[in-house]
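So the structure is just underneath, and the comments pick up after that.
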Amino acid sequence: MTYRREIDGLRALAVLPVILFHAGFQTFRGGFVGVDMFFVISGYLITSIILKEKQASTFTLVGFYERRARRILPALFVVMCTCLALGWLWLLPIDMKLFSESLVAVPGFASNILFYVTGDYFEPAAELKPLLHTWSLAVEEQYYLLYPVILLLLWRLGQRWIIGLLAGLAVISLSAAQWSSQRDPTFTFFLLPTRGWELLIGALIAFYLFKNGAANNYSRFVNEAATIGGLGLCLYGVFTLDALTPYPSVYALLPTLGTAVVILFTTPHNTMVGKVLSSKLFVSVGLISYSAYLWHYPLFVFARHRSLEPPGHALLLSLALCSFLFAYVSWKYIETPFRNRQFITRNQLFACGAVCSCLFVVIGLIGYRTGGFPQRVNEGVLKAQRAQFDQLGCMSEVGKYTNVSESCVLGTRENVVGALLGDSIAGALSFELGKSLESRSLGFSNMSYGHCPPTLGIYRIDRGSTHRCPEHNREAFEYVEDRDNYKTMILAGYWTAYLEGDGTRPLLDMVVNGVRQSTPDDQRNALLRNAYADSLLRYIRSGKTIILIYPIPEVGWHVPRYLAKRAMFSSDNQDSEDLTIDYESYKTRNAEVINLFDNIGDYPNLIRIKPESIFCNTFVKDRCAVQLHGASFYRDEFHLSNAGASLVVREIMKYLVGETRVPART
């Protein structure tokens with residue numbers, strides 16, 4: 001296969017948006033599409049090599065896998081070793097435990113499966129996983145374990161049959177991605193069945209060019225128009241797609257078809273795009289793009305771990321530039337020598353790969369089993385992070401849904417008198433509520449369901465159609481309404497966040513006559529406020545006692561993690577300063593929900609619990625307490641720890657056991 005400089009330039013165009021996206025620059029909010037571009041390029045290059053070698057009768061599976069090992073493993077293992085050293089110094093035990101899982105998964109090219117099981121690519125916690133970006137390597141290597149074998153099995157059928165079958169597989173994979181993007185977005189993002197079509201696009205291009213020759217057979221006008229259009233599709237994806245986009249769905253056709261068109265219609269001399277991509281700058285960046293991709297993400301992640309405050313754009317941009325310096329060194333002194341068979345033979349390469357993989361797996365298993373090598377840190381660190389491991393009562397979660405009729409009981413099963421409804425904010429109260437109920441021989445069904453506020457007629461936009469929020473809320477309300485022994489409903493949720501969205505996307509929308517709607521942005525907020533009010537009134541009119549928990553103060557940063565990092569990296573005594581947040585900021589952020597709840601009206605069976613009266617302007621004037629005397633009131637940024645939950649539960653229990661008469665509102 002003739003070397004094409006512009007393909008290396010195209011690699012540069014793919015890696016730069018990925019790095020800037022991971023650095024948090026909103027202009028490049030769709031920069032993750034660079035990975036899709038890489039998949040197409042990889043599918044094209046690998047297939048081109050196979051076709052050339054098959055034509056020359058020199059192709060072997062062993063040789064194919066040797067080239068992949070020389071290309072992938074040396075630089076990857078060096079990055080993993082560096083991450084292990086930095087992790088030993090800077091990772092908290094819980095983070096080291098999670099990192100240890102990836103040490104086991106990455107050498108087996110199964111990290112995409114691990115990250116699918118343990119999280120979401122776009123969630124904030126993803127920014128703390130040093131090897132998260134290796135998911136794309138896993139997808140590629142899983143593909144290349146199967147792809148050459150399939151080609152060999154199909155080879156006797158002829159290229160026409162092979163192309164037809166590969167095209168059919170691509171259509172099936174894209175259709176699966178489109179279908180699954182609304183039902184299980186995390187599966188769709190991370191796993192081969194919904195990513196394979198992108199690599200197959202590259203493979204089909206390789207077959208076409210192998211049969212029909214170079215792209216410059218077309219007229220200059222066609223080449224210019226096509227390459228500008230292809231480049232435009234890629235850049236449109238980079239600058240317009242975002243975390244809200246169902247992905248990879250048909251939207252992924254923007255970068256993949258754009259990349260395909262550029263490969264098909266450009267050469268270094270026949271188009272303006274080709275000349276730019278084949279320039280020395282783009283080619284130089286493209287040559288080190290693999291190492292740059294490997295290095296940039298761990299640099300960002302460890303900067304976030306090492307800093308008490310989130311690193312700013314200036315630091316992240318500096319680290320992005322450093323990643324290219326590291327990449328050059330890695331390319332020159334690691335990648336290039338290991339591709340040379342005179343430097344290391346095939347047997348030596350496979351032996352080194354096996355030994356290094358086994359070492360990483362062993363270290364990872366030990367790290368996981370020990371809880372992240374806790375002996376590395378002082379007792380203050382362990383004490384500070386314990387709040388995030390507080391026990392929780394049972395509740396439904398995404399992927400672990402429990403039918404309403406089978407909800408677990410908090411407290412005494414023989415005397416169930418009510419139900420706890422809400423999302424994880426309610427779930428955070430459940431353990432302490434269960435303890436208090438048990439002490440009074442009372443029981444509550446825990447009908448809380450993760451990511452689902454206790455509001456009728458709404459659904460979560462970002463959770464896919466498998467998230468049962470509207471069905472769950474309807475079934476829960478009807479179940480409680482029909483049972484005389486269920487006299488009380490406790491309602492708690494992340495009320496304000498659902499109205500405002502997460503800063504980049506809305507979270508809730510309406511369900512009308514069982515159909516999930518897509519409401520215009522300028523109408524959604526008003527409809528959601530009405531849904532809050534209408535649901536509360538319907539709950540109240542059921543005749544049950546309704547205990548409404550107003551918004552919990554949000555901290556905005558992970559409290560146990562902050563305390564643990566302060567104990568790990570600072571000489572200050574973590575108990576010497578009680579942490580607080582501004583009370584006025586709480587009131588301003590939650591004013592809409594507070595006013596809505598206040599204006600619902602006065603009802604004998606409506607009890608209002610206001611967490612601000614517990615945490616704010618009490619321990620510290622004009623401030624809301626976050627931590628007091630070393631005890632964190634939070635398990636993360638906004639969920640209460642058991643210490644914090646116990647203060648709210650104490651107020652709830654006054655009304656459950658009749659210790660306090662329901663006060664009249666003034």
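The values are calculated or read from the model by the stated rules, or taken from the named source; none is laboratory data. Model, not experiment: these values are computed from the prediction. Backbone-built Cβ (ideal geometry, glycine too); neighbour counts: all protein chains shown.
Given the criteria assigned by TED's automatic domain parsing to the domain that holds Leu244, more than 16 Å from Tyr143 (Cβ to Cβ) and among the small types (Gly, Ala, Ser), does Gly43 qualify?
On the way: assigned by TED's automatic domain parsing to the domain that holds Leu244: yes; more than 16 Å from Tyr143 (Cβ to Cβ): no; among the small types (Gly, Ala, Ser): yes.
No: the conditions fail for Gly43.
Quick check on Leu420: is it out of contact with any Leu (no Cβ under 6 Å at 6 or more places or on another chain) and in a loop (DSSP other than H, G, I, E, B)?
Values: out of contact with any Leu (no Cβ under 6 Å at 6 or more places or on another chain): yes; in a loop (DSSP other than H, G, I, E, B): no.
So Leu420 does not fit the description; no.
Say whether the condition of being farther than 19 Å from Phe32 by Cα, among the acidic types (Asp, Glu) and assigned to a helix (DSSP H, G or I) is met by at least one residue in the stretch 318-335. Don't jump to the end; show me each part of the working.
Narrowing the stretch 318-335 to residues farther than 19 Å from Phe32 by Cα: 318, 322, 325-335.
Okay, now just the ones that are also among the acidic types (Asp, Glu), so 335.
Now narrow it down to the ones that are assigned to a helix (DSSP H, G or I): 335.
For the stretch 318-335, residues farther than 19 Å from Phe32 by Cα, among the acidic types (Asp, Glu) and assigned to a helix (DSSP H, G or I): present.
Restricting the first residue to the stretch 8-22 and requiring it to be among the acidic types (Asp, Glu), which pairs with a second residue that is surrounded by fewer than 24 Cβ atoms within 10 Å (Cβ to Cβ) meet a Cβ separation below 7 Å and a spacing of at least six or different chains?
Asp8/Val283; Asp8/Leu287
When the residues of the stretch 563-574 are filtered to those that are assigned to a loop (DSSP other than H, G, I, E, B) and either out of contact with any strand residue (DSSP E or B) (no Cβ under 9 Å at 6 or more places or on another chain) or among the aromatic types (Phe, Trp, Tyr) (or both), which remaining residue is modelled with the lowest pLDDT? Before the answer, list the steps.
If we filter the stretch 563-574 for residues that are assigned to a loop (DSSP other than H, G, I, E, B), which is where we start, we get 570-574.
Among the residues that remain, those that are also either out of contact with any strand residue (DSSP E or B) (no Cβ under 9 Å at 6 or more places or on another chain) or among the aromatic types (Phe, Trp, Tyr) (or both) are: 570-573.
Values: Ser570: 79, Ser571: 69, Asp572: 60, Asn573: 54.
Checked the stretch 563-574; the qualifying residue modelled with the lowest pLDDT is Asn573.
Take Leu244 and tell me if it is in a helix (DSSP H, G or I) and either in the same structural domain as Asn212 (by TED's automatic domain parsing) or at pLDDT 95 or above (or both). Before you say what the answer is, go through the steps one by one.
Values: in a helix (DSSP H, G or I): no; either in the same structural domain as Asn212 (by TED's automatic domain parsing) or at pLDDT 95 or above (or both): yes.
For Leu244, the condition - in a helix (DSSP H, G or I) and either in the same structural domain as Asn212 (by TED's automatic domain parsing) or at pLDDT 95 or above (or both) - is not met.
Quickly run through the stretch 366-415 and pick out the residues that are crowded, with 17+ Cβ neighbours inside 10 Å and of a type in the set (Phe, Trp, Tyr).
Answer for the stretch 366-415, where residues must be crowded, with 17+ Cβ neighbours inside 10 Å and of a type in the set (Phe, Trp, Tyr): Tyr368, Phe373.
Out of curiosity, is Pro107 in contact (Cβ under 8 Å) with a residue 24 or more places away in the chain, within 25 Å of the chain's Cα centre (by Cα) and outside any helix (DSSP H, G or I)? Explain how you work it out, then say what you get.
Working: in contact (Cβ under 8 Å) with a residue 24 or more places away in the chain: yes; within 25 Å of the chain's Cα centre (by Cα): yes; outside any helix (DSSP H, G or I): no.
Against the criterion (in contact (Cβ under 8 Å) with a residue 24 or more places away in the chain, within 25 Å of the chain's Cα centre (by Cα) and outside any helix (DSSP H, G or I)), Pro107 does not qualify.
In the stretch 170-184, what residues are surrounded by 22 or more Cβ atoms within 10 Å (Cβ to Cβ), part of a helix (DSSP H, G or I) and touching a residue at least 40 places away in the same chain (Cβ under 8 Å)? Before you say what the answer is, go through the steps one by one.
To start, the set of residues in the stretch 170-184 that are surrounded by 22 or more Cβ atoms within 10 Å (Cβ to Cβ) comprises 174, 177, 180-181.
Checking which are part of a helix (DSSP H, G or I) leaves us with 174, 177, 180.
Within the stretch 170-184, Leu174, Ala177 meet the criteria.
Each row is one residue, and each column tells you yes or no for (1) free of Cβ contacts under 8 Å to residues at least 12 places away in the same chain; (2) under 18 Å from Glu397 (Cα atoms); (3) not in a loop (DSSP other than H, G, I, E, B).
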position: Glu432; (1), (2), (3): no, no, yes
position: Pro454; (1), (2), (3): no, yes, no
position: Thr466; (1), (2), (3): no, yes, no
position: His472; (1), (2), (3): no, yes, yes
position: Val480; (1), (2), (3): no, no, yes
position: Asn485; (1), (2), (3): no, no, no
position: Ile490; (1), (2), (3): no, no, yes
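Has the stretch 637-652 got at least one residue that is outside the structural domain of Met96 (by TED's automatic domain parsing), farther than 25 Å from Leu442 by Cα and touching a helix residue (DSSP H, G or I) at 6+ places or on another chain (Cβ under 7 Å)?
no
Filter the stretch 540-562 down to residues that are assigned to a helix (DSSP H, G or I) and of a type in the set (A, V, I, L, M) and give me whichever is surrounded by the most Cβ atoms within 10 Å (Cβ to Cβ). Can you show your working first?
So in the stretch 540-562, the residues assigned to a helix (DSSP H, G or I) come out as 540-541, 559-562.
Add one more test, that the residue is of a type in the set (A, V, I, L, M), and what stays is 540, 559.
Working: Ile540: 19, Val559: 25.
Of everything passing the filter in the stretch 540-562, Val559 is surrounded by the most Cβ atoms within 10 Å (Cβ to Cβ).
Kindly indicate whether any position in the stretch 197-210 is farther than 27 Å from Arg5 by Cβ and either surrounded by 20 or more Cβ atoms within 10 Å (Cβ to Cβ) or touching a residue at least 60 places away in the same chain (Cβ under 8 Å) (or both).
Yes: one or more hits.
Identify, by number, the condition in (1) surrounded by fewer than 17 Cβ atoms within 10 Å (Cβ to Cβ); (2) modelled with pLDDT of 95 or more that His296 doesn't meet.
Failed condition: (1).
Taking Gln523 as meeting all but one of (1) in contact (Cβ under 8 Å) with a residue 40 or more places away in the chain; (2) outside any strand (DSSP E or B); (3) not aliphatic (A, V, I, L, M), write down the number of the exception.
(1)
When you check Ser284 against the structure, is it among the polar types (S, T, N, Q), surrounded by fewer than 24 Cβ atoms within 10 Å (Cβ to Cβ), over 24 Å from Leu200 (Cα atoms) and at pLDDT 95 or above, yes or no? Explain how you work it out, then say what you get.
On the way: among the polar types (S, T, N, Q): yes; surrounded by fewer than 24 Cβ atoms within 10 Å (Cβ to Cβ): yes; over 24 Å from Leu200 (Cα atoms): yes; at pLDDT 95 or above: yes.
Spelling it out, Ser284 is indeed among the polar types (S, T, N, Q), surrounded by fewer than 24 Cβ atoms within 10 Å (Cβ to Cβ), over 24 Å from Leu200 (Cα atoms) and at pLDDT 95 or above.
Step by step: first the residues of the stretch 521-536, then only those that are among the small types (Gly, Ala, Ser) and within 20 Å of Ile607 (Cα to Cα), then the one that is surrounded by the fewest Cβ atoms within 10 Å (Cβ to Cβ). Which residue is that?
To start, the set of residues in the stretch 521-536 that are among the small types (Gly, Ala, Ser) comprises 526, 531, 533, 535.
After this cut, where a residue has to be within 20 Å of Ile607 (Cα to Cα) as well, the list is 531, 533, 535.
Details: Ala531: 20, Ala533: 16, Ser535: 19.
Per the stated criteria, the residue is Ala533.
Quick check, is Ala176 within 22 Å of the chain's Cα centre (by Cα) and modelled with pLDDT of 95 or more? Give the steps one after another, and end with the answer.
Details: within 22 Å of the chain's Cα centre (by Cα): yes; modelled with pLDDT of 95 or more: yes.
It is true that Ala176 is within 22 Å of the chain's Cα centre (by Cα) and modelled with pLDDT of 95 or more.
For the stretch 355-403, enumerate the residues that are in a helix (DSSP H, G or I) and in contact with a Cys (Cβ under 9 Å, 6 or more places away or on another chain). Step through it out loud before you land on a result.
Restricting attention to the stretch 355-403, the residues satisfying the condition of being in a helix (DSSP H, G or I) are 355-369, 374-376, 379-389.
Cys356, Phe360, listed by residue number.
Could you list, in sequence order, the residues of the stretch 238-262 that are among the β-branched types (Val, Ile, Thr) and buried (at least 24 other Cβ atoms within 10 Å of the Cβ)?
Initial filter on the stretch 238-262 (among the β-branched types (Val, Ile, Thr)): 238, 240, 245, 250, 256, 259, 261-262.
Residues satisfying the conditions are Val238, Thr256, Thr259, Val262.
Are there any pairs, at least 6 apart or on different chains, whose C-beta atoms fall under 7 Å, with the first in the stretch 145-169 and over 18 Å from Leu199 (Cβ atoms) and without any contact (Cβ under 8 Å) to a residue 60 or more places away in the chain and the second among the aliphatic types (A, V, I, L, M) and surrounded by fewer than 11 Cβ atoms within 10 Å (Cβ to Cβ), and if so, which?
Close Cβ pairs satisfying both conditions: none exist.
May I ask you to list the residues in the stretch 608-652 that are of a type in the set (A, V, I, L, M, F, W, C), surrounded by fewer than 20 Cβ atoms within 10 Å (Cβ to Cβ) and part of a helix (DSSP H, G or I)?
Across the stretch 608-652, the qualifying residues are Ile614, Ala643, Leu647.
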